[in-house]
Amino acid sequence: MSRQDKSYKILVLGATRTGKTSLVKMFVESQLEGEPSMTIGAVVFKKEVNIDNGRVVLDLWDVEEPRLVFTSEDSYFNGTRGVVIVYDITRRDTLNEAVECCKKCTKQGLIHIPRILVGNKIDLESDREVSREEVNEIADRIHAVHYETSAIDGKNVDDVFLKMGAMVQEMNDITSW
């Protein structure tokens, strides 16, 4: 990484089995993770991307279930520049957990950082339990950008993380002058 390159820590949070790891792996490695597994602690993935004609390294912290994280030490949150919160469109309870996760991030001091709320598993549209309209209202309320994705076919996955990179870069540009 050259001096001009910037590295940003992005937390990827959400309830168990929402596809957090699958989304990150699809973005970083352009492939599914194979058999889904439960993350223990945090696994950090790195990907260099071009944002506004500059290279940025996204340090994507795929974090275990938020209930466990928010009761542990603050080190998960130190240096965080953005948060991606994932819910499963086929499980309403995961949207409720995503909202709670957002509230807990605020309590941890992650207030004025970019947030993206991601509804994953749109490849299972026929099993949808959460309407887009409802989620758009929630996203507005928690000051988050909303995307819907499929880790299975990759739909909108790159868009989520590239948008986060651009939002973090823009925030960095604003606060660094």
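Cβ-Cβ distance below 6 Å, separation of 6 or more or different chains: which pairs start in the range 81-105 with a residue that is touching a residue at least 40 places away in the same chain (Cβ under 8 Å) and end on one that is part of a helix (DSSP H, G or I) and of a type in the set (G, A, S)?
Pairs found: I85/A98; Y87/A98.
Going through the range 33-48 one residue at a time, which ones are at pLDDT below 95, touching a helix residue (DSSP H, G or I) at 6+ places or on another chain (Cβ under 8 Å) and within 18 Å of V84 (Cβ to Cβ)?
Across the range 33-48, the qualifying residues are E33, P36, T39, A42, V43, F45.
Out of T94, T80, I need the residue that is modelled with pLDDT under 95 and either more than 12 Å from the chain's Cα centre (by Cα) or within 17 Å of V12 (Cβ to Cβ) (or both). Which one?
Answer to the check: T80.
Only one of (1) in contact with a His (Cβ under 7 Å, 6 or more places away or on another chain); (2) part of a helix (DSSP H, G or I) is not met by E100, so which one is it?
For E100, the exception is condition (1).
Across the range 98-118, what is the number of residues that are in contact with a Gly (Cβ under 6 Å, 6 or more places away or on another chain) and surrounded by fewer than 22 Cβ atoms within 10 Å (Cβ to Cβ)?
1
What residue, among those in the range 138-177 that are of a type in the set (A, V, I, L, M, F, W, C) and in a loop (DSSP other than H, G, I, E, B), is surrounded by the most Cβ atoms within 10 Å (Cβ to Cβ)?
So, considering only residues that are of a type in the set (A, V, I, L, M, F, W, C) and in a loop (DSSP other than H, G, I, E, B), the one surrounded by the most Cβ atoms within 10 Å (Cβ to Cβ) is A151.
Going by what's in this entry, would V130 be described as aliphatic (A, V, I, L, M), part of a loop (DSSP other than H, G, I, E, B) and at pLDDT 95 or above?
yes
The values are calculated or read from the model by the stated rules, or taken from the named source; none is laboratory data. Model, not experiment: these values are computed from the prediction. Note that we place each Cβ from the backbone using ideal geometry, even for glycine, and neighbour counts take in every protein chain shown.
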